[in-house]
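Comments concern the structure below.
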Amino acid sequence: MSEHDLSGKTAVVTGASSGIGRAIAEHIGAAGAHVAICGRTQSAMDATKEAIEAAGGSCTTATTDVRDPAQVQALVDQAVADTGRLDVMVNNAGLSYPDPILTADPEGWRAMLETNVLGLLAGCQAAVAAMRACGATGHLVNISSVAALNPASGVYGSTKHAVNTICNTLRQELMDDPIQVVSIMPGAIATNFARNFDPAVLEGVRAMSGVGEDLEVVQGERLPDEVLTGAQAALSDVLAGPDDVADAVMYAITRPPSVHIAELVVRPNRDLQL
Ligand SMILES: NC(=O)c1ccc[n+]([C@@H]2O[C@H](COP(=O)([O-])OP(=O)(O)OC[C@H]3O[C@@H](n4cnc5c(N)ncnc54)[C@H](OP(=O)(O)O)[C@@H]3O)[C@@H](O)[C@H]2O)c1
């Protein structure tokens, strides 16, 4: 049973087929809200839905590519059609291609900008219209990064600087609405975020976990949950867990309406040197 009560509310969480989004969806579901989740991998979303329902929550899934604004709009419309309202929108779907600017494939830049920035903008716009229509005292929760605090954090960091600027601007545009805008900036979290990194990095994560010695680590593919939880347990000083970020989200969205948690940084005690 969650310490928080979100019963009667509806939340949409993008990128909930893995990592931070999955943990946020599970925490919001455990607090009693209906959770509409999206990602591109249906089987992984089914696992999130099963976990939420096993804990007594309610969840629907949609295979959605947030790079297409029409699909984001349809996701929000379906949540409203199913429940009559929208209270929380978590724009979490995101990814990183960490290559140096001078040698990177421009398709990686396009993927990061379209997912991390344009997908989030579409989510914010669709969600505010839905929240206004039902008179919700709502929250837009945008998953940024500590990369937004670093002035030289590459193209990925540029997308997260953009996320923070979008949050600050929306906060002004929503000054007269009962809708708060929360920027969450995680540090290194044990998820599939590193899936597009150098395979040597992924193999390093696998080795840290102490499990999966026979596992073939493939760039672009997910690591099994036990590898991620094992790596986090082995290196908790430099790697936080997705539940730590979900805790911060739950804190931000359960304050009294008079308190606006604008930004939270959630990081492990030490920086991870990859
Ligand atoms: N892990 C970290 O250290 C860290 C630190 C700071 C910030 N963040 C941010 O946290 C957020 C979540 O990342 P994570 O760490 O949880 O990584 P993750 O485990 O790789 O999860 C990313 C999620 O985003 C979804 N996604 C990616 N592209 C999508 C698209 N075009 N349409 C719909 N869904 C899409 C993925 O779904 P599919 O695989 O099904 O496409 C997956 O559910 C991202 O915004 C990331 O930038 C992560």
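The values are calculated or read from the model by the stated rules, or taken from the named source; none is laboratory data. Given the structure is predicted, the values throughout are model-derived calculations rather than measurements. In this analysis, Cβ positions are derived from the backbone assuming ideal geometry, glycine residues included, and neighbour counts consider all displayed protein chains. With ligands, DNA and RNA removed, areas are computed over all heavy atoms of the protein, side chains included. Shrake-Rupley method; radii C 1.70, N 1.55, O 1.52, S 1.80 Å.
Details
- Residue 226 open to solvent by 60 Å² or more (accessible area, probe 1.4 Å), away from the ligand (no atom under 11 Å from the Cβ), farther than 24 Å from residue 40 by Cα and not hydroxyl-bearing (Ser, Thr, Tyr): no
- Residue count for segment 55-79 under the criterion of being within 15 Å of the ligand (Cβ to nearest atom), among the polar types (S, T, N, Q), open to solvent by 50 Å² or more (accessible area, probe 1.4 Å) and not in a helix (DSSP H, G or I): the result is 1.
- Number of residues in segment 191-211 that are away from the ligand (no atom under 16 Å from the Cβ) and either crowded, with 16+ Cβ neighbours inside 10 Å or at negative phi (or both) equals 4.
- The set of residues in segment 28-44 that are in a helix (DSSP H, G or I) and either buried (at least 24 other Cβ atoms within 10 Å of the Cβ) or not assigned by TED's automatic domain parsing to the domain that holds residue 249 (or both) comprises 28, 29.
- Candidates 52, 20: the one that is more than 14 Å from the ligand (Cβ to nearest atom) and under 17 Å from the mean Cα position of the chain (by Cα) is 52.
So that you can scan it fast, the table gives a plain yes or no per residue for (1) within 11 Å of the ligand (Cβ to nearest atom); (2) buried (at least 19 other Cβ atoms within 10 Å of the Cβ); (3) in the same structural domain as residue 252 (by TED's automatic domain parsing); (4) within 24 Å of residue 242 (Cα to Cα):
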| position | (1), (2), (3), (4) |
| --- | --- |
| 133 | no, no, yes, no |
| 137 | no, no, yes, no |
| 147 | yes, yes, yes, yes |
| 155 | no, yes, yes, yes |
| 179 | no, yes, yes, no |
| 185 | yes, yes, yes, yes |
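- Near pairs, Cβ below 6 angstrom, 6+ apart or cross-chain, from segment 86-99 (within 6 Å of the ligand (Cβ to nearest atom)) to any residue that is assigned to a loop (DSSP other than H, G, I, E, B) and open to solvent by less than 40 Å² (accessible area, probe 1.4 Å): 92/15; 93/15; 93/66
- Within segment 32-57, residues that are among the hydroxyl-bearing types (Ser, Thr, Tyr) sit with their Cβ atoms under 9 Å from residues that are assigned to a helix (DSSP H, G or I) and more than 8 Å from the ligand (Cβ to nearest atom), at 6+ positions apart or across chains, in these pairs: 48/25; 48/26; 48/29.
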